[in-house]
């Protein structure tokens, strides 16, 4: 079988993967209205997977046990990181961009799980009393927004309900979450294509992502209007949208779909991905692959296939879970 034919067979197989039956993820009511991209990590599904239980859970439990100070802090908050976290969502939105001129895109983080709000608020109030320069409390509506300051930067967070904590580099979107919790404000997504992309996702995946061409990856060093650095978006690279994610069971499997603007963009993006993949396999990330624990990542990259038809690019990889288990022995 010729290589081009192999690529076509792989492409058809991957398109079947994306077209197969899946339970779409729900739209979280705490997302910023101007969300452009979203990453969702199903912590509970990952923690309950056979692969995680056999490999990383014992390792992480051992690591936490070796840090008694961190253990105490979590106990004071009444949080068990291996039991209480359910889902982590990272939304990319312009309204959440830092006001300090940072080159980082605007991130709004949502953590769902089991909390004891009374205990958490009491602990935070105590910290704010003894370290007011590090932690401040702002009243917002019927709740509180906390401001954690360090290295000249601030991180704002709040507990809008008994199962949720939200974080952002700006106070306004965090305060809005408190109004969403009481029903005073409703989610009104500005970009309807985001809803369509979320509908394409598979809610059973341990991790999935949905990104539009407007999704900002970073900021260009050149100055934009009013001296603000210009956003570098996926669209500027010829990408219209990206969807896909990872399944974690006994094995680790990934499948992603990239829609591009034209055939030239498809070739450029595919070639760039192929080159970067080869570099990662050959040299690793700054020597990180020299460590036995990260050997499975190299194997995962080796198994990755990139194929396209001029309008779409599909990326897939799958490795057996045993290589992760063996890497931690």
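No lab work stands behind these numbers, since they all come straight from the coordinates. Given the structure is predicted, the values throughout are model-derived calculations rather than measurements. Here the Cβ positions follow ideal geometry from the backbone for every residue, glycine too, while neighbour counts run over all protein chains shown.
Its relative contact order, with pairs defined as Cα atoms under 8 Å and 6+ residues apart, puts segment 151-208 at 21 percent.
Length, then width, then depth: along the principal axes, the Cα atoms of segment 33-191 run 42, 41, 34 Å.
Averaged over residues, the count of other Cβ atoms within 10 Å places the peptides 67-73, 239-245 in the sequence 239-245, 67-73, highest first.
For the peptides 183-194, 45-56, the ranking by mean Cβ contacts within 10 Å, running from highest to lowest, is 45-56, 183-194. Short-range pairs are left out: with C-alpha atoms under 8 Å and at least six residues apart, the relative contact order of segment 33-191 is 22 percent.
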